[in-house]
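Only one structure is covered here, and it is reproduced in the block below.
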Amino acid sequence: MPRTRSLQKALFEVAKAVNSTLSVTETLNALVESATKATGAKACSLFLLSPDSKDLLRSAYYGLSEEYITKGPVKAERSIAEVMQGTTVLVKDVTTDPRIQYRREAKKEGITSILSIPVFLHQETIGVMRLYTKDPHDFSKDEVEFASSIANLGAIAIENAKLYESLRSSYEEIRQGVLSWYDILLDKPRPTSFGHPSEAEFARILDFYHILWVYEPRSFPITWDNGNVTEMFTPDFYLPTLDMYIELTTMRQNLVTDKNRKVRRLKELYPNVNIRLVYRKDYFRLLARYGYGPLKEAEMSRIDKVLFTAFEIEERVTQLGEQITLDYKDRQPVFVGVLKGVMCFISDLIRHVSLPVTVDYMAISPYRTETPGSVAIAKDLEISITGRDVILVEDIIDTGLTLNYLLSYLGTKKPASIKVCTLLDKRARRLINVPVDYVGFGIPDEFVIGYGLDYDEIYRNLPFIAVLKTEDSLSGAW
Ligand code: 5GP
């Protein structure tokens, strides 16, 4: 344990670690890790009391083996019961103290002393923090106060996230249901990847609105053959505070029928389960209106469908940037963007290129009707590209006329090399076959807007790429 003078510093370090994240799980993990390091103990754990006050559910731990952690349920009334009454308890020797529920396991883990500190919230004990030492240790008054301060930081972290409050208020309703979401929430870590980008995007919207969610919370058996389960259904999300399962159907339309069947079956078999199907149309409406659309609903009604969500674009642009980084290793390419449609794409792209880069822009004036296919330079390059490796960046290649013109124009400036990178490629409309080295997405023959692309100078600020409604279909808004 640190000396009194350095306890203050150690507490500061713990507070810093705990404050560095907004997620409850990460906060609690930071808390136990920094508490272990700051006190010089062997390990630290934090348990929360289950809603029925019978069990201590492990919420975070540091310095303990998986074997020790999975030794079995920790009973609140057996395991250091006084702590739950609000008293700090020191067990100096775990091997002999009858209050310790798992003595043999503790010895095997190399634990000798355990300091248990109650975690308070609104004058109620909501859990316990434990510090474990290798050698027998008498905790001084200062050390106990220090550990209590840390435990209270944990309580504040929980309070901040409103986790405990929602756990308590929702518990009674959920008790009638098929599972306790408390268990799921504590046991299921946030996923690092999702089955489909739309699920990741949906999770972000939920985060944005501070709605707790669990990804693929559980699988429900829905078909049996001779007593054996032959089909399971795993909804995409569970929203504990709404006690609602969500199944997204934003992917292929042909999957919708099957999903409908599964959802119907689930409702028959598990009438207590509240499940909602979110259709592609509903989902994009949600995205456009709440999640990401900066435009008012009135303007949104002109949007036919979203082709690529903000998340899908981000993912693809990241990949392109990483590919360019690899391809141009040890070189300093010049990115030449063709204004204005390229503005979002190029600014995101270059931020994923880990090379020293130069950026310049060109602008061309629109096609002149009197000479179709001819382009005029409205803004030329400001830097010299002679002898440089140029990457020409386009928002979209349609007929290929613009690109063809620009390539031959830039060629006269004698760069060392020229490659083309476009976010969108509308191949079906190509008139001139131009070489394209990096393509974000191939798209069908439709007029697209958003993420820099305009229609009549608006819609550039949409964070997704969408198809604009044709004049005829405008009456049939969503
Ligand atoms: P291209 O010369 O290849 O036919 O056309 C390229 C230019 O036409 C792009 O840089 C873009 O300004 C415009 N363009 C082509 N297709 C679309 C589209 O679907 N949406 C928008 N907003 N602009 C397009």
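Okay, residues lined up against (1) more than 30 Å from Pro463 (Cβ to Cβ); (2) polar (S, T, N, Q); (3) at pLDDT 90 or above; (4) open to solvent by less than 30 Å² (accessible area, probe 1.4 Å):
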site	(1), (2), (3), (4)
Met362	no, no, yes, yes
Pro372	yes, no, no, no
Arg388	yes, no, yes, no
Glu394	no, no, yes, yes
Asp398	no, no, yes, no
Ser408	yes, yes, yes, no
Gly440	no, no, yes, yes
Ile449	no, no, yes, yes
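Taken residue by residue, the stretch 468-478 has no member that is part of a strand (DSSP E or B), open to solvent by 10 Å² or more (accessible area, probe 1.4 Å) and away from the ligand (no atom under 11 Å from the Cβ).
Restricted to the stretch 190-205, and to residues that are assigned to a helix (DSSP H, G or I) and either out of contact with any Phe, Trp or Tyr (no Cβ under 9 Å at 6 or more places or on another chain) or farther than 13 Å from Val278 by Cβ (or both), which residue is modelled with the highest pLDDT?
First, the residues of the stretch 190-205 that are assigned to a helix (DSSP H, G or I): 197-205.
Checking the rest, the ones that are also either out of contact with any Phe, Trp or Tyr (no Cβ under 9 Å at 6 or more places or on another chain) or farther than 13 Å from Val278 by Cβ (or both) come to 197, 200, 204.
Details: Pro197: 79, Ala200: 84, Arg204: 77.
Per the stated criteria, the residue is Ala200.
Residues in the stretch 214-239 that are among the small types (Gly, Ala, Ser) and within 13 Å of Lys262 (Cα to Cα): Ser219 only.
Could you pull out every one of the strands (runs of 3 or more DSSP E) wholly within the stretch 343-449 that has 3 or more residues that are over 30 Å from Val306 (Cβ atoms) and within 16 Å of the ligand (Cβ to nearest atom)? Reasoning before the result, please.
Details: elements: 358-365, 376-379, 389-397, 417-425, 438-442.
In the stretch 343-449, the matching strands (runs of 3 or more DSSP E) lie at 376-379.
For beta carbons closer than 8 Å, sequence separation of 6+ or different chains, a first residue in the stretch 81-107 that is in contact (Cβ under 8 Å) with a residue 24 or more places away in the chain and a second that is assigned to a loop (DSSP other than H, G, I, E, B) and among the basic types (Lys, Arg), the qualifying pairs are Val89/Arg99; Val91/Arg99; Gln101/Arg78; Tyr102/Lys71; Glu105/Lys71.
Reported count of residues in the stretch 104-139, each being surrounded by 14 or more Cβ atoms within 10 Å (Cβ to Cβ), closer than 18 Å to Thr70 by Cβ and either of a type in the set (Lys, Arg) or touching a Cys at 6+ places or on another chain (Cβ under 6 Å) (or both), is 2. The set of residues in the stretch 64-87 being buried (at least 18 other Cβ atoms within 10 Å of the Cβ) and modelled with pLDDT of 70 or more consists of Leu64, Tyr68, Val83, Met84.
The values are calculated or read from the model by the stated rules, or taken from the named source; none is laboratory data. Everything numeric in this text was worked out from a predicted model, so none of it was measured. Please note: Cβ atoms are built from the backbone with ideal geometry, for glycine as well, and neighbour counts cover all protein chains shown. Surface accessibility is based on the protein's heavy atoms, side chains included, excluding ligands, DNA and RNA. Shrake-Rupley method; radii C 1.70, N 1.55, O 1.52, S 1.80 Å.
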